[in-house]
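The numbers here are math on the coordinates, done by the rules we state, and not lab data. Just so we're clear, the structure is a prediction, and the values are computed from it rather than from any experiment. Positions of Cβ are generated from backbone atoms using ideal geometry, with glycine treated the same way; all protein chains shown enter the neighbour counts.
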Amino acid sequence: MTIDTESRRHLNVPCPFCNLLCDDLVIENRKGKLKVSQHGCHLAKKQFEQEQPGVTPRIGKKDCTLEDATRAAAKILKRSKQALIGGLGTDVNGARAALQLTEKASAIIDHMHSDAAFRNLDVMQNHGWVMTTMAEIKNRADLIIFAGTDANTNYPRFFERVIYPNDSLVNANKKNRQIVYIGENLNIAPAKKAGGKQPINLECRQDKIGEVTSTIHAIAAGQEIVKHAIGSITLAQLKELTELIQQAKYGVIVWAPGELNFPYAELTVQSISELVKYLNRTTRFSGFTLGGNEGGMTANQVTAWQSGYPSRVSFAKGYPEYDPYRFSAWQLLRNKEIDALLWISSFSAPIEIARPRIPTIVLAAPSIRINFTPDIFIPVSTPGINHVGQIIRTDSVVSLKLRKIQESQHPSVSEVLNQITNQYR
Amino acid sequence: MLIKLSGGIVYDPANGINGKRQDIYVRDGRIIDKPVAGSKIDKTYNIAGKVVMAGAIDIHTHIGGGKVNIARIMLPEDHRHDSVRKTSITRSGCGHAAPSTLTTGYRYTEMGYTACFEPAMLPINARQAHMEMADTPIVDKGAYVLLGNDDYFLRMLAGRKDQAAISDYVAWTIQASQALGIKVVNPGGISAFKFNQRKLDLDETNVYYNVTPREILKSLAKAVHDLGVPHPLHVHGCNLGVPGNLRTTLDTIKSIEGLPMHLTHIQFHSYGTEGDRNFSSGAAQIAEAVNKNKNISIDVGQILFGQTVTASGDTMRQYDGHWHAHPKKWVMMDIECDAGCGVVPFQYQDKSFVNALQWAIGLELFLLVDDPWRIFLTTDHPNGAPFTTYPHLIRLLMDRSFRNDMLSTVNKAAAKSSILASLDREYSLYEIAIMTRAAPARSLGLRDRGHLGSGAAADITVYTEHKNKERMFAKPDYVFKDGELVAKSGKVVKITKGSTHTLRPEYDKGIEKSLNTYFDRYMSIKLENFKLQDDEIIELGSGDIIIQPCN
């Protein structure tokens, strides 16, 4: 089937530029130029509407063919003793192709946002958790606590789609929803403006959130608390909140691991998760996490079903070896423990790597900023704009088919990676 | 390409063949009658005296979808004991309780299995389940889609919508999710748990929707029947794992009033409350009811001792089970007004009274149910044990003295309270062929699978008969998938993709209007984007789709 992608109006277009994956965008293609005419947030508008320069692959500063570039890339990987396939800003088929190449090249694989993802994964792998998804919050939640995130800044349509929708199945009076914020520099305006119950705002440093949730856990468990305050939050406030939490019929606590950007933030996630687990002894309460942008959740899921592990996997020994500390991409780069790098960014993330000083191969959408000149640069098209694909949402449950709404001269990530892999045969 | 398998002893129950020496001919992936004299045979396999069966079919195995991937991610320590190296043709991965998709495909093939069915695909997670199945090589696959806890269906039932509308919705869901059947898990109970209900028996009502599991089961079983879906409603009943649930299970059999129904992992639903520990076997009563009610089929969900992980849509029961998590970690999720999932690692111990009795109850069921056409061999992988234990399980069924040896090693009180030692039955090869091939194919409506008659797909397994049946079934000599030799001496020798089996029951397209409104108002994605399209399996998943006919 061929679809004329020129000059037409596309309805219900899924957007891959944050991991809420809104899928109601209306996008006009006018002679190849895209315009988001409805339902696009500023992130969507910026990414869909920008023009991708038509460029060719390059070896150093010299233009070359795709075949030359993939052959040279394979040569670099074959020569290396320990390569890293990183970035992984791509769709399901891109992640599949990356895993196959990583295995062939006996390399290490990791996603650019793994530091954030592992604040969650560490907790999930060691203690487990109780979680929920977007439609459940939309239809059931009567209490929503934002811990260290306002959701709104990085996920512009979260409130519109999930917190204050026009309809909900069970919790019919959406204005009765109680919103609570815990953390610093959070934009509480969306909850204030909604016209329902006024939000409760407990300000504290991000790295104090874990102490707040642990204290609530202790109060709920009937422990005597000797401390009178955490920062400016008083014990009385915490006791009041604990009561609200225990009375809630379907409470949810939302966090974004990428916004808990301080050492040992996994302990904060653990404190939140253990509180949620405890509350389920008597009522229903769930966690919800915002993250996995730039194909992060997709990379974690595909890596998990193909290798057994979510990310940070080495194939150097011929089988998947998992080590969330040793095989962190950023750490490998910092410690100079790799001798070749292939980095993928086909959505929107700029590539900033401090002086790699090793052979580098970059697959990126042409508009993406790179802070160094890679040895091999291969422009790629973007899933959801230039080719169909699949992608997995922040809650790890819902996935969507991405559409092709604009022609591109550039190949997809999976096409390029498969060409490199084929050089091994 | 014409292939001859020469001189094998054939067990093909679908065609009434019980251990007859017979040549088998395969042309272009299909089994054919003996070709005319003088036809050029491209390849002959001399399998004189070896046992030949159709490729085995696993009717209930959790191989793909969100909860399986949660299990994989949560258990790195389990994978480390079973890392799988790449070879010149196979990819690397990991095995044991929650194996990688690639390893799953290889290991099933190496055991002579050629088709596996994922029994609990959430509609909203169907896309990912199919992605994972696409990455499960060689074997055919398919999935039963979960209904009965979704708010849309419960609203219909609560609103007394007519049965025809419910059938339309069921058919629509099968098509939209590319499914082969319908599964219901703890009918209404997953939804009830979202309203903080902790228990739901057959005639208790969901506090919000005011409907009972009995009503849900009847409505779904009727829809499945009316639509001509070949596989009966696949039921994971109420009260899984609860001592005394034997009563619920018997009531459930009665409640369906003669409609076809498949009760899955029935071992977990066959518990009495007798004895000092208020936990006893209900296998005899359950088997009696199954023997009597020809509309009922079951699979066992046998447990075997060791570490595994339980992954289920039944959040209500999994929450209760989390106190026994081993190691101590567990995941629970409410999912998209569709259902939920709970993943709890578990270690079955032979010295534990309860675990040893569970083991015995499963075996009692196998041995007390008369008709192998209505009982299928499963461990509810990975819930009772990983699927790689099947050869051991087959030996337990075929070898009474081995079974009794094993019984003498388990918890003494449990062994004493079980009637297992008194059961003399030993399964024959013919019965094993029914239970693992012919019967599942018939139950699923796969007319050209599970048998070796002319026109069947050439999914064939060849074994060397051995006194030790575990050894025999662990490493078949040859496995053919669609006529291609894919495994030899228990090792994969060729990678193929395997097909996805689906159904396309007819329904009134008018239903999309109200569904569209529902999606717009309450769900988090658009109806248009919810539907899993053929090209996602065919092009993005590099697979193919086989549409099975409805009755």
What relative contact order, as a whole-number percentage, does the stretch B:53-492 give when Cα pairs under 8 Å and 6 or more residues apart are counted? 18 percent
Note on the stretch B:228-317: alpha-carbon gyration tensor, axes a ≥ b ≥ c; rule is a/c under 1.5 for rounded, else prolate if a/b larger than b/c, else oblate; result oblate
How many nm is it between the label spots at A:GLU240 and A:HIS42, if each spot is 7 Å from the Cα in line with the beta carbon? 3.3 nm
Above-threshold pairs, the threshold being 20 Å between Cα atoms, out of A:LYS175/B:LYS526; A:LYS175/A:LYS249; B:LYS20/B:LYS50: A:LYS175/B:LYS526
Taking the Cα atoms of the stretch B:430-551, what is the range of coordinates along each of the three principal axes, in descending order and whole Å? 62, 30, 27
Cβ-Cβ FRET estimate between B:GLN22 and B:THR409, R0 fixed at 60 Å, reported to 0.05: 0.90
Degrees, to the nearest 10: A:235-247 long Cα axis against longest axis of chain A: 80 degrees
First measure r as the distance between the Cβ atoms of B:SER542 and B:ARG85, then evaluate 1/(1 + (r/R0)^6) with R0 = 25 Å and state the FRET efficiency to the nearest 0.05. 0.55
Defining a contact as two alpha carbons under 8 Å apart and six or more residues distant in sequence, what relative contact order in percent does the stretch B:8-88 show? 27 percent
What average count of beta carbons from other chains do you get within 10 Å of the Cβ of residues in A:163-171? 3
Heads up, the stretch B:53-492 by the C-alpha gyration tensor (a ≥ b ≥ c square roots of eigenvalues; a/c under 1.5 rounded, else a/b over b/c prolate, else oblate) looks rounded
Can you give the FRET efficiency to the nearest 0.05 for B:ASP201 and B:GLN163, using r as the Cβ-Cβ distance and R₀ = 25 Å? 0.55
Count, for each residue of B:531-542, the Cβ atoms from other chains sitting within 10 Å of its Cβ, then give me the mean as a whole number. 3
Does the stretch B:95-135 come out rounded, prolate or oblate by the C-alpha gyration tensor, with a ≥ b ≥ c the root eigenvalues, rounded set by a/c under 1.5 and, if not, prolate when a/b is larger than b/c and oblate if not? prolate
Chain B: antiparallel bridges as % of DSSP beta bridges, rounded to 5, reads 55 percent
Taking every pair of Cα atoms in the stretch B:175-305, average 1/r, invert it to obtain the Kirkwood radius, and report Rg/Rh to two decimals. 0.97
Rounded to the nearest Å, the spacing of the alpha-carbon centers of the stretch A:337-369 and the stretch A:242-284 is 36 Å
Eigenvalues of the alpha-carbon gyration tensor of the stretch A:330-425, times 5 and square-rooted, give semi-axes in Å, largest first, of 25, 17, 14
Where does the protein assembly as shown land on the Kirkwood hydrodynamic radius, alpha-carbon pairs, in angstrom? 29.1 Å
Expected output is a single nm value to one decimal: the length gained when fully extending between B:ASN295 and B:CYS550, i.e. 0.36 nm times separation in residues minus the C-alpha distance. What is it? 90.0 nm
Of the candidates B:SER408, B:LEU485, A:SER408, the farthest towards the positive dipole end of the protein assembly as shown (Lys/Arg Cβ +1, Asp/Glu Cβ -1, centred on the Cα centre) is A:SER408
With n ≥ 4 as the cut-off for DSSP H runs, can you work out [θ] at 222 nm for the protein assembly as shown, using -39500 (n - 2.57) per run divided by the number of residues, rounded to the nearest 500? -9000 deg cm²/dmol
Averaged over B:89-98, how many beta carbons belonging to a partner chain fall within 10 Å of each residue's beta carbon? 4
Mean separation of Cα contacts under 8 Å, 6 or more apart, over the residue count of chain A: relative contact order %: 25 percent
Distance in nm between A:LYS227 and A:ARG71 label points, each 7 Å along Cα→Cβ, equals 6.4 nm
Label point distance in nm, B:ASN15-A:ARG425, each placed 7 Å from Cα along Cα→Cβ: 3.6 nm
Qualifying lysines (Cα of each under 29 Å from Cα of A:LYS75; at least 8 residues distant if same chain): A:LYS61, A:LYS62, A:LYS104, A:LYS317, A:LYS336, B:LYS86, B:LYS494
Over all viewing directions the Cα convex hull of the stretch B:290-420 casts an average projected area in nm² of 9.3 nm²
Enter the Cα centre distance for the pair the stretch A:120-198 and the stretch B:305-379, rounded to the nearest angstrom. 34 Å
